[in-house]
Amino acid sequence: MTYVNERVLIVTGHAWQCSTCRSKLQADPDGVLMQQGLSREERQMLNQMEPGAWATVSTLAEALGVARCDLEEAMRHPRSRLRHF
Ligand SMILES: [Zn+2]
């Protein structure tokens with residue numbers, strides 16, 4: 001299993017909960033992810049995710065290679081809930 005940094009989970013977690021930011025992310029992944037301080041490798045990983053990965057929290061966690069409970073925990077993080085891209 002790949003190690004995924006918490007900030008990747010927080011960015012993904014916010015995009016999951018906020019459709020405005022999710023559209024922004026899908027329209028300009030590099031621009032958004034760079035502003036969020038993600039590394040090149042992390043940006044590539046998110047760029048390569050299939051659109052179907054966003055279907056459920058489970059598919060999203062699977063695409064990120066993390067446990068669903070870890071992603072859910074990141075989604076409850078205040079930064080994940082409140083900070084827009
Ligand atoms: Zn947002």
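A short reminder: the numbers here are calculations on the coordinates, not readings from a lab. Just so it is clear, the structure is predicted and the values come from calculations on it, not from any experiment. Cβ: placed from backbone, ideal geometry, glycine included. Neighbour counts: every protein chain shown.
Once you reduce region 13-28 and region 40-60 to the center of their Cα atoms, the two points are 12 Å from each other.
Just check the chain against the gyration tensor rule for me: Cα atoms, a ≥ b ≥ c as the square roots of the eigenvalues, rounded for a/c under 1.5, and otherwise prolate or oblate depending on whether a/b exceeds b/c.
Details: a/c = 1.27, a/b = 1.11, b/c = 1.14.
Judged from the Cα gyration tensor, the chain comes out rounded (a/c under 1.5).
Using a Gaussian network model of the chain in which every pair of alpha carbons under 10 angstrom is joined by a spring, one finds that among Glu41, Glu73, Glu62 the greatest mean-square fluctuation is at Glu41.
State the extension gain, in nm to one decimal, for the chain segment bounded by Val57 and Arg79, taking 0.36 nm per residue of separation less the distance between their alpha-carbons. Don't skip to the answer; put the middle values down first.
Details: separation 22, 0.36 × 22 = 7.92 nm, distance 1.80 nm.
Stretched fully, the Val57-Arg79 segment lengthens by 6.1 nm.
Taking the chain as a whole, the Cys residues whose C-beta sits 4.7 Å or farther from every other Cys C-beta are Cys69. Relative contact order for region 4-85: 44 percent, from Cα pairs under 8 Å spaced at least 6 residues apart, divided by residue count.
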